[in-house]
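Trainee: Here's a structure for you.
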Amino acid sequence: MQDNQDQGSSNDYNPQAVESAAQQYWNAQRAYEVKEDPSRPKFYCLAMLPYPSGALHMGHVRNYTIGDVISRYQRMTGKNVLQPMGWDAFGLPAENAAIKNNTAPAKWTYKNIDHMREQLKSLGYAIDWSREFATCRPEYYRWEQLMFTRLMKKGLAYRKNAVVNWDPVDHTVLANEQVIDGRGWRSGALVEKREIPQWFLKITDYAQELLDGLDTLPGWPDAVKTMQRNWIGRSEGVDIHFAVEGEVEPLTVFTTRPDTLMGVTFVSIAGEHPLAQKAAGSNPQLAAFLDELRHGGVSEAELETQEKRGMPTGLFAIHPVSGDKVPVWVANFVLMGYGTGAVMAVPGHDERDFEFAHKYNLPIKQVIAVSGDDATYDPQHWKEWYSDKTRADMRVVNSGDMDGKNYRDAFDFIAGQLEAAGNGHRRVNWRLRDWGVSRQRYWGCPIPVIYCQHCGALPVPEDQLPVVLPEDVAFSGVQSPIKADPEWRKTVCPQCGGAAERETDTFDTFMESSWYYARYTSPGANGLVDERANYWLPVDQYIGGIEHAILHLLYFRFYHKLMRDAGLVKSDEPATNLLCQGMVIAETFYRENANGSKDWINPADVEIQRDEKARVIGAVLKADGMPVLIGGTEKMSKSKNNGVDPQVMVEKFGADTVRLFSMFAAPPEQSLEWSEAGVEGMARFLRRFWREVITHVGQPDHPEVDPAALDAGQKALRRQLHETIQKVSDDFGRRHAFNTAIASLMELLNALGKFTDQSDQGRAVRHEALETMVLLLNPVVPHVSHTLWQALGHSQAVLDDQPWPKVDSAALVRDTLTLAVQVNGKLRGTIEVSANASKEEAEALARAQPNVAAFLEGQTVRKVIVVPGKIVNIVAG
């Protein structure tokens, strides 16, 4: 406390001393550790947990400052607030760093966690550190292993073959983003498509509920919900069976447009399809083509952009309605893992099929038109008609009995015909695929499965969990240490007692981040969670980037439903409200090399040159004074070297200044453009506020505010104060418009700077305003607020425990009002009137204004419109 008092008596704001003293006090008091308290409303505020990459970046600072402002505000409103922190510690970056730095992933990860924890603490976040965990620790992941074994027993976790990107040099599966131009990102080897066994979770069993649940989340951004709806992709269609000449089994395709069935001129199948493999046995050219298709990535994005290539199989499918023979082609844009691995091609009304048919001279047939169309060959129009199936004038053509029908009638007609003939049936299809959770990497949670040659794949018995990942290993990146270690793999079959082996795949790291929010609620629980979870859940405010809109947030919702169905939680959704913060962006600078490449230069090393009107006219490198080129303003990244180190900013300006800038520079959902000049502006504001308080407390004591004794100037300042309380409360609590809240506080400080009244009531109003400003600013700049609160004479040091200021409605009442005066709709002046002035009085004052009278001269006033409290509009002519 002595440090606080020493700093509070200083006229100079010293952020390092202020912040050190406040943080020491909070830590000593364990101020932000919370427990369940049924007597108080709870508020669970959670920002997405960081990956321990080694250092915080400005995106982290913005994300966690938003959460901290919301948390501190809610605590001041009387809520029992939980704001925890942990580490999303498994994953590929640790393996890459281990290879680069010749160290073990665990050692690198724990070192980074220690460093980043101190960085977070230096920013003064009100985090309950007693709940901290790292997802790479066995005491965390043992419970997801337990959950997985139970899901296996329920049939919600299963194993099947899946096509993956395989690096033949590094002997590892690659994620889609690790395949660059068809080659492995590290080895440079041509990537192969390989079918290997993978573990999956049956998220498709929850597809309808995941879709319907979006309608129960009004606090989630519409953009996120739209992306999830599209990803889940519910569609109604028909499975259609095409008999194949010489084959027993039919070829089945799914289509949402059975009304275009008569436009099918060929069928495309995946290279891995059994028909393709069989045909290749007697066709060396086809076999060579299938071998080519094994190289390259397996992502949908790559399939959309690559050149369309194919080869005929020599097989023919029989059209289920016309009986015509249509050729079966292998196409590189069809994947075995999506649907049936076969699609019916309607090139007249599908851009991809049209491109393919045009390239290989395959027939193109129009089967969709609009009333009155002359059927001139125009594929662009055909695509337009096809895509808008709700058009009233759209009809089926060249399709026999379906001719003239609209989409819905044609759909029902052909579906009924196919069902009657046994050639198809209606069904709901989902774009969503089951979640593949297997990874062939080392640094991840071991999948708790045992393989016995007699008993098959079995879950590890619960009393043998966790299956611990060895951390002290030599890691080269070529092969996972647990795959390379026969001793680690050896175990005993829990069913027959015979020799068995452990699964050496590890979980997708989305597994850990799908339930971490729940673990925070139940530290030390003997299970995923305990009864404490239902006190805290669902999360009241979740915060994170919109780049996580689909995968993380979908798995997050899915896992919550799994826990609910296991009886672990009672709620249906994991988070009530979601805020997706924008990116932090900054200018880029570079010099061009002789070979055309660019050397990117950090903004901290550049001096901007401006003209006399402060416009940017150039930039030079500080080190040599020579020009550098100015690039665009882009997201902070290592690749463009335009990141700003938060630690440097904290050391230079103080954590409160960095926090203040992060909240003021832009609304939270929008991109924030980094500006050191803007940071300096925030530092000036805090110094001004500091001086205003310190100067005030050095003056004579003040009495209490007596509203009845206030003069007009005192009333005006007090009215502005309570209008500010009203605005900041709404901005913090409902709108999350922190930038406008701070702007209104800056306006109030400006008003205080002009308020020179040293009378008793003048000092009383000033004191009320300064105390209130400290409380209103506390969520954003808690260190300064902590010290100034004590300087203002309060012994209670943890400001978050102080009640949020309340609006005095009486203070908002105005004795006089300022009305705009218009003549024929154009502003010509303003008048000051009594708050209870009549319309006649307002009109008389308005017409008496010299400027207004000048515009009325020689004209007849036809009408006067008085909007009480706002405007007087005189219509003349």
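Trainee: Taking into account only those residues within the range 1-30 that are in a loop (DSSP other than H, G, I, E, B) and among the hydroxyl-bearing types (Ser, Thr, Tyr), which is modelled with the highest pLDDT?
Mentor: Tyr13
Trainee: List the residue pairs whose Cβ atoms are under 8 Å apart, where the first residue sits in the range 645-665 and is at pLDDT 95 or above, the second is of a type in the set (D, E, K, R) and crowded, with 21+ Cβ neighbours inside 10 Å, and the two are 6 or more positions apart or on different chains.
Mentor: Gly654/Glu19; Ala655/Glu19; Asp656/Glu19; Arg659/Asp68; Ser662/Arg62
Trainee: All but one of (1) out of contact with any helix residue (DSSP H, G or I) (no Cβ under 9 Å at 6 or more places or on another chain); (2) surrounded by 15 or more Cβ atoms within 10 Å (Cβ to Cβ); (3) touching a residue at least 12 places away in the same chain (Cβ under 8 Å) hold for Glu592, so report the exception by its number.
Mentor: Unmet condition: (2).
Trainee: Starting from the range 545-557, take each residue that is at pLDDT 90 or above and list its partners that are of a type in the set (S, T, N, Q) and outside any helix (DSSP H, G or I), counting only C-beta distances under 7 angstrom and pairs at least six apart or across chains.
Mentor: Gly545/Gln581; Tyr555/Ser514; Phe556/Ser514
Trainee: Oh, and also: Against the condition buried (at least 17 other Cβ atoms within 10 Å of the Cβ), touching a strand residue (DSSP E or B) at 6+ places or on another chain (Cβ under 8 Å), on the phi < 0 side of the Ramachandran plot and not acidic (Asp, Glu), how does Ala189 come out, does it pass?
Mentor: No; evaluated as a whole, the condition is false for this residue.
Trainee: Would you mind finding the one in Arg718, Arg735, Arg688 that is exposed (fewer than 15 other Cβ atoms within 10 Å of the Cβ) and at pLDDT 95 or above?
Mentor: Among Arg718, Arg735, Arg688, only Arg735 is exposed (fewer than 15 other Cβ atoms within 10 Å of the Cβ) and at pLDDT 95 or above.
Trainee: Moving on. Go through the range 47-91 and count every residue that is assigned to a loop (DSSP other than H, G, I, E, B) and among the acidic types (Asp, Glu).
Mentor: Total meeting the criteria: 1.
Trainee: Can you tell which of Ala31, Ala55 is within 28 Å of Pro667 (Cα to Cα), surrounded by 14 or more Cβ atoms within 10 Å (Cβ to Cβ) and either without any contact (Cβ under 8 Å) to a residue 40 or more places away in the chain or of a type in the set (Gly, Ala, Ser) (or both)?
Mentor: Within the list Ala31, Ala55, the selection yields Ala55.
Trainee: Report, by residue number, each residue of the range 399-456 that is assigned to a loop (DSSP other than H, G, I, E, B) and touching a Cys at 6+ places or on another chain (Cβ under 7 Å).
Mentor: The answer is His454, Cys455.
Trainee: Given the structure, is Ala810 closer than 23 Å to Pro15 by Cβ and of a type in the set (Gly, Ala, Ser)?
Mentor: Considered against the rule, which asks whether it is closer than 23 Å to Pro15 by Cβ and of a type in the set (Gly, Ala, Ser), Ala810 comes out as no.
Trainee: Right, another one. Within the range 77-92, is even one residue without any contact (Cβ under 8 Å) to a residue 60 or more places away in the chain and of a type in the set (Ser, Thr, Tyr)?
Mentor: no
Trainee: For the structure I just gave you, tell me whether Ala533 is of a type in the set (A, V, I, L, M), over 20 Å from the mean Cα position of the chain (by Cα) and within 18 Å of Tyr140 (Cβ to Cβ).
Mentor: Spelling it out, Ala533 is indeed of a type in the set (A, V, I, L, M), over 20 Å from the mean Cα position of the chain (by Cα) and within 18 Å of Tyr140 (Cβ to Cβ).
Trainee: Now for a separate question. Within 37 Å of the chain's Cα centre (by Cα), under 29 Å from Gly233 (Cα atoms), surrounded by 14 or more Cβ atoms within 10 Å (Cβ to Cβ) and not aromatic (Phe, Trp, Tyr): does that describe Arg426?
Mentor: Judged against the criteria, Arg426 is a match.
Trainee: If you check Ala614 against the conditions, is it more than 23 Å from Met116 (Cβ to Cβ), crowded, with 18+ Cβ neighbours inside 10 Å and small (Gly, Ala, Ser)?
Mentor: No, not satisfied.
Trainee: Against the condition within 24 Å of Trp430 (Cβ to Cβ) and either among the acidic types (Asp, Glu) or at pLDDT below 95 (or both), how does Ser299 come out, does it pass?
Mentor: Yes.
Trainee: For residues that are part of a helix (DSSP H, G or I) and of a type in the set (Gly, Ala, Ser), scanning just the range 211-237, find the one that is surrounded by the fewest Cβ atoms within 10 Å (Cβ to Cβ).
Mentor: Per the stated criteria, the residue is Ala223.
Trainee: I need the full set of residues from the range 617-666 which are touching a Pro at 6+ places or on another chain (Cβ under 9 Å), in a strand (DSSP E or B) and either among the polar types (S, T, N, Q) or surrounded by fewer than 13 Cβ atoms within 10 Å (Cβ to Cβ) (or both), in order please.
Mentor: none
Trainee: Go through the range 464-509 and count every residue that is of a type in the set (Gly, Ala, Ser), at pLDDT 95 or above and within 23 Å of Phe200 (Cβ to Cβ).
Mentor: 1
Trainee: Please determine whether any residue of the range 306-324 is in the same structural domain as His358 (by TED's automatic domain parsing), at pLDDT below 90, in a helix (DSSP H, G or I) and within 18 Å of Asn176 (Cβ to Cβ).
Mentor: No, that holds for no residue.
Trainee: Restricting to the range 325-339, name every residue that is surrounded by 19 or more Cβ atoms within 10 Å (Cβ to Cβ) and at pLDDT 95 or above.
Mentor: Passing the criteria: Val326, Val328, Trp329, Val330, Ala331.
Trainee: Between a first residue in the range 197-225 that is in contact (Cβ under 8 Å) with a residue 24 or more places away in the chain and over 14 Å from Leu554 (Cα atoms) and a second residue that is β-branched (Val, Ile, Thr) and not in a helix (DSSP H, G or I), which pairs have beta carbons less than 7 Å apart while being 6 or more apart in sequence or on different chains?
Mentor: Trp199/Val437; Trp199/Ile447; Phe200/Val437; Gly219/Thr576
Trainee: Just checking, which of Leu92, Leu82 is more than 18 Å from the chain's Cα centre (by Cα) and at pLDDT below 95?
Mentor: Checking each option against the conditions leaves just Leu92.
Trainee: Mind listing whichever residues of the range 650-706 are within 11 Å of Arg62 (Cα to Cα) and aliphatic (A, V, I, L, M)?
Mentor: Residues satisfying the conditions are Val658, Leu660, Met663, Ala665, Ala666, Leu672.
Trainee: Follow-up question, since we're still on this one. Looking at (1) free of Cβ contacts under 8 Å to residues at least 24 places away in the same chain; (2) within 35 Å of the chain's Cα centre (by Cα), which is the only condition Val798 fails?
Mentor: (1)
Trainee: Next question, about the same structure. What is the number of the single condition among (1) in a loop (DSSP other than H, G, I, E, B); (2) surrounded by fewer than 22 Cβ atoms within 10 Å (Cβ to Cβ) that His552 does not meet?
Mentor: Answer for His552: the failing condition is (1).
Trainee: Quick one: which strands (runs of 3 or more DSSP E) sit completely within the range 785-875 and have at least 1 residues that are among the hydroxyl-bearing types (Ser, Thr, Tyr)?
Mentor: Correct list: 816-823, 826-834.
The values are calculated or read from the model by the stated rules, or taken from the named source; none is laboratory data. Given the structure is predicted, the values throughout are model-derived calculations rather than measurements. Methodologically, a virtual Cβ is constructed for each residue, glycine included, from the backbone with ideal geometry; neighbour enumeration extends over all protein chains shown.
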